[in-house]
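What follows draws every value from the coordinates through simple rules; no lab data is involved. None of the values given here were measured: they were computed from a predicted structure. So basically every Cβ, Gly included, is an ideal-geometry build from the backbone, and we count neighbours across all protein chains shown.
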């Protein structure tokens, strides 16, 4: 990846012109990184800049104008390949999340069945507790209360 100075030399422009053109093209943020004392431009932005300056910008040479279309195409192809690999990674993440979601849904269904069973057991226990006391219970009383 070239620096701004290297791009300026290759395009026959000044460093401020290169920086300004990158900003005008909206390529400064996300495509230019500071490494040490130099600003490094990625291949996509370098190709776009070369095409921009070669298309009648600020004194670009004939070589830059001739190389621009193929370098822009190459940079765009690399960028597309990068995006495709990112999409594949995201697809794999989505697939894993779908599998996790299915597993969690199965667990929730199982817990719902268990909750229904527990509710039925509580209802049966409450029904038994609310039965009228028999003769033996009435004669002896409720028994000792533990406190």
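Counting only alpha carbon atoms, the long axis of helix 43-54 and the longest principal axis of the chain meet at about 40°. Computed on the Cα trace of the chain, the radius of gyration divided by the Kirkwood hydrodynamic radius gives Rg/Rh = 1.70.
Most fluctuating residue of 26, 137, 12 in a GNM of the chain with Cα springs under 10 Å: which is it? Greatest mean-square fluctuation among the candidates belongs to 137.
Exposure proxy ranking for 99, 9, based on other Cβ atoms within 10 angstrom of each Cβ and starting from the fewest, stands as 99, 9. Counting only alpha carbon atoms, the long axis of helix 62-129 and the longest principal axis of the chain meet at about 0°. Segment residue 136..residue 94, full-extension length gain: 8.5 nm, with 0.36 nm per residue of separation and the alpha-carbon distance subtracted.
Take the Cα of residue 80, step 7 Å toward its Cβ, do the same at residue 111, and the gap between the two points is 4.7 nm. Ordering 94, 4 by the number of other Cβ atoms within 10 Å of each residue's own Cβ, fewest first, gives 94, 4.
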